Amino acid sequence: MRRIVGSILTAAVLLCAVSIFAAYPAQALRFGIRVTPQQWDAFAQALAADPSSPDNPTVVTLSIDSSWASTPDWQALDKIVSAAEKYHARLEVDTQLPAGPSDNASLTYLTLLSTHVEKTADSLGLSLDFSTFPQKALDDPAQLAFTLKRLISSLRGQSDAKVFLGDLTPGILDKLAPLYQGDFRAYVDGYMTNATNAMGEPDPAVEKFVEKNHLGAPLWVHLPNPGTPIGAQTLTVASVWKGAIFTDVPTSQPDKIWPALVYLRNAMTPGMGVGYTAQATEIDDASGHERDDIGIINLLDANQMIQGMYLVATKAGSQPGEIDIKMPTADITNPKRYPMPEGKPQDVGYEANQRKHTAVFKLPWKGTPELVLFERLKTGTVGEEKVNVTTGYRIPVEVILARHQAVAQAQDVLLRNYVADAQVDYHFKLPGGTGSLDVTFLNTFFFRQGEGPRWVQNHLLLNGVEWRGKKIPQLPIIEPEKVNTLPLALTLGQDYAYRYIKDTTVEGHNCFEIEFVPRAGAKG
């Protein structure tokens, strides 16, 4: 039995033990704009003209294609990342590969990309064209898992950003499904897809795949081009109603689409998400006739008890006029309307009947979308809910290892050689339960890229006392030269079983102590 106590391995693992707090505020919905490298300069100008709110930021996704990745302009990337940070946009980065999935050029590019955005990016997306994968890799789950783990680990590096895997399409799902019989989900935080319908609804097969194989993982939806500012706002809200809570839209006009989405984001509270439908809600004209040409998309911030109704025409040629929105509740106050795509919020007149538990909003309908927000009174049925926490969450050991390997993978790509001290401990129980024997090797660890690791045994300690003999005692010790790989290396095989022992402190740093033992039949 061996435990990780050496300084070289602990240095990587301690990075996982530090609690990761997002640099951005929590938001129930994350939406914004997607821009290519050719649009970065124009978007930077739009961003400076309409900064995002630091308390309720709008998303900008830097969408990097393979051609840019093959000849990256790091200075241009640094410039747009700095602009996003300066003007408080919530930065997401989505990249393709510059070369094949197993090419060292791809690993090096992903590692360098991670170092350039690691302090600012909230999410890192890896958009893969699975048609470029060798058929042998697609047919072998172990080989496919290994390839994807190397790519994901290179992109993650030392960044605190969440890593998303894409592009999920119905055609690739059967190839990915076997990966989740192992520890693959520990390497991925979420998923991306371009597979949507015209209303921004993700493909049902993609949604079902995520729910089945990685329940709770977010789905980052790349919406189709909406064309106009008001179209971007409406498509974003409509996709929310279809289950997409993390979206971005492409555009050829970032100077027009960005301000519209910032306006929508600022109108909504950070905690506002999909709401509930009240079946008794109806929209009538001033004469009492139903307006079936106006639809409602419901939104809700359950913590602040702020409800939203996004009004949108359901038929072409929806006529302007005064409308009444009848609600089956009277516990409302302070309603306001936000005209799309922009405009000052305006008070909404309303009548509340406490006895009948009804309310009526009265507002002018201009035939274009509007957002109506109002507060809900905290009554006996609507109000605060208290939650008691009875236990703490323990990060799975698979996630700890995945985060370690992300740091190690970046090191392997960039580091040419190094020398470090390494300590290996063995703990033996003597027959009959009469005692135990602790064996410690104090080694020097050498590494050179392309040649792999080498060990030199400097000292041997038995129960803490240095062994003075000329030969190593005859004990069932695994010799370093007989071990093909380090226990935490990212390999195809599962030669070791790992178990979390405890949180510990090494040289003033919070760490995880992990126990690993060879599996039966291991090749090492």
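Taking the condition of being of a type in the set (A, V, I, L, M, F, W, C) and touching a Lys or Arg at 6+ places or on another chain (Cβ under 7 Å), how many residues in region 172-215 meet it? Quick ask: steps written out before the conclusion?
Initially, region 172-215 is screened for residues of a type in the set (A, V, I, L, M, F, W, C), giving 172-173, 176-177, 179, 184, 186, 188, 192, 195, 198-199, 205-206, 209-210, 215.
Now drop any that are not touching a Lys or Arg at 6+ places or on another chain (Cβ under 7 Å), which leaves 199.
Residues in region 172-215 being of a type in the set (A, V, I, L, M, F, W, C) and touching a Lys or Arg at 6+ places or on another chain (Cβ under 7 Å): 1 in total.
What are the residues in region 413-436 that are among the aliphatic types (A, V, I, L, M), surrounded by 12 or more Cβ atoms within 10 Å (Cβ to Cβ) and at pLDDT below 85, if any? Within region 413-436, 413, 414, 415, 424 qualify.
State whether the residues of region 297-305 include one that is surrounded by fewer than 14 Cβ atoms within 10 Å (Cβ to Cβ) and assigned to a loop (DSSP other than H, G, I, E, B). Spell out how you get there, then give the answer.
Here is the first cut: in region 297-305, the residues surrounded by fewer than 14 Cβ atoms within 10 Å (Cβ to Cβ) are 303-304.
After this cut, where a residue has to be assigned to a loop (DSSP other than H, G, I, E, B) as well, the list is 303-304.
Yes: region 297-305 contains one or more residues that are surrounded by fewer than 14 Cβ atoms within 10 Å (Cβ to Cβ) and assigned to a loop (DSSP other than H, G, I, E, B).
Working only within region 278-303, note down all residues that are in contact with a Lys or Arg (Cβ under 9 Å, 6 or more places away or on another chain) and polar (S, T, N, Q). Correct list: 281 only.
Output the residues belonging to region 324-369 that are in a strand (DSSP E or B) and acidic (Asp, Glu).
If we filter region 324-369 for residues that are in a strand (DSSP E or B), which is where we start, we get 324-327, 332-339, 346-347, 349-353, 358-365.
Result: 324, 347, 351.
Residue count for region 437-470 satisfying the condition of being assigned to a loop (DSSP other than H, G, I, E, B), of a type in the set (Gly, Ala, Ser) and modelled with pLDDT under 85: 2.
State yes or no: is residue 44 of a type in the set (A, V, I, L, M), at pLDDT 95 or above and closer than 28 Å to residue 264 by Cβ? Yes: the conditions hold for residue 44. Restricting 153, 131 to those that are under 22 Å from residue 36 (Cβ atoms) and polar (S, T, N, Q) reduces the list to 131. Across region 264-284, the qualifying residues are those that are at pLDDT below 90 and more than 18 Å from residue 333 (Cβ to Cβ), and the one among them that is most open to solvent (accessible area, probe 1.4 Å) is 279.
Within region 82-131, being open to solvent by 10 Å² or more (accessible area, probe 1.4 Å), assigned to a helix (DSSP H, G or I) and over 30 Å from residue 171 (Cα atoms) holds for 82, 83, 85, 86, 112, 115, 116. Selection of first residues in region 88-102 that are closer than 11 Å to residue 120 by Cβ and small (Gly, Ala, Ser) and of second residues that are open to solvent by less than 20 Å² (accessible area, probe 1.4 Å) and part of a loop (DSSP other than H, G, I, E, B), restricted to Cβ pairs under 9 Å at least 6 apart or on distinct chains, gives the following pairs, ordered by first then second residue: 89/52; 89/57; 89/58.
The values are calculated or read from the model by the stated rules, or taken from the named source; none is laboratory data. Keep in mind it's a predicted model, so treat the numbers as computed, not measured. Methodologically, a virtual Cβ is constructed for each residue, glycine included, from the backbone with ideal geometry; neighbour enumeration extends over all protein chains shown. For the accessible areas, the whole protein counts, side chains as well, though only heavy atoms, and no ligand, DNA or RNA atoms are used. Shrake-Rupley method; radii C 1.70, N 1.55, O 1.52, S 1.80 Å.
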